[in-house]
């Protein structure tokens, strides 16, 4: 909060009086991330072509969102803040806000024969995590450039889902 106050050119007490809290900031950042994710997924949902081609566009969009938000996603992925991404309950799947587009593309792919049949909710959770975490790790841990990360991660995933 001290760093945010300094960046904003106000005191920490001013932030407090205006109702700015750590929780409200994290919530706003999570909402922005969800909006960017939804926009990126739309390209895959609305594109022409079979579901495999559209899923590839969606996963490439996920990589672009990760690239724009590397530090934010890392901060939101640990501890209690990770609840931003998870449904409540015994299965602990990723929230529909992040997986619904992928579920739709997986279902379409099974129907049009371009993707193999899978457990759709579970596979969508695996996909969002596999692509997001692996992309971020290759960028930060290995220092790979964005295009190399995107190509390596998405091509491997797409081969694994091919019909």
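Just a few scattered comments:
- Scope segment 131-143; condition in contact with a helix residue (DSSP H, G or I) (Cβ under 7 Å, 6 or more places away or on another chain) and surrounded by fewer than 17 Cβ atoms within 10 Å (Cβ to Cβ); matching residues: 140
- Subset of segment 144-163 [touching a helix residue (DSSP H, G or I) at 6+ places or on another chain (Cβ under 8 Å) and part of a helix (DSSP H, G or I)]: 146, 148, 149, 150, 152, 153, 154, 157, 158, 161
- Screening 52, 38 for residues that are at pLDDT 85 or above, touching a strand residue (DSSP E or B) at 6+ places or on another chain (Cβ under 9 Å), surrounded by 14 or more Cβ atoms within 10 Å (Cβ to Cβ) and within 26 Å of residue 130 (Cβ to Cβ) leaves exactly one candidate, 52.
- Of the residues making up segment 125-143, those that are assigned to a helix (DSSP H, G or I) and more than 11 Å from the chain's Cα centre (by Cα) are 126, 134, 137, 138, 139, 140.
- The number of residues in segment 111-121 being in a helix (DSSP H, G or I) and either loosely packed, with under 14 Cβ neighbours inside 10 Å or in contact (Cβ under 8 Å) with a residue 40 or more places away in the chain (or both) comes to 2.
- Selection within segment 119-163 - farther than 22 Å from residue 72 by Cα and touching a strand residue (DSSP E or B) at 6+ places or on another chain (Cβ under 6 Å): 161, 163
The values are calculated or read from the model by the stated rules, or taken from the named source; none is laboratory data. For clarity, every value in this text was computed on a predicted model and none was experimentally measured. So basically every Cβ, Gly included, is an ideal-geometry build from the backbone, and we count neighbours across all protein chains shown.
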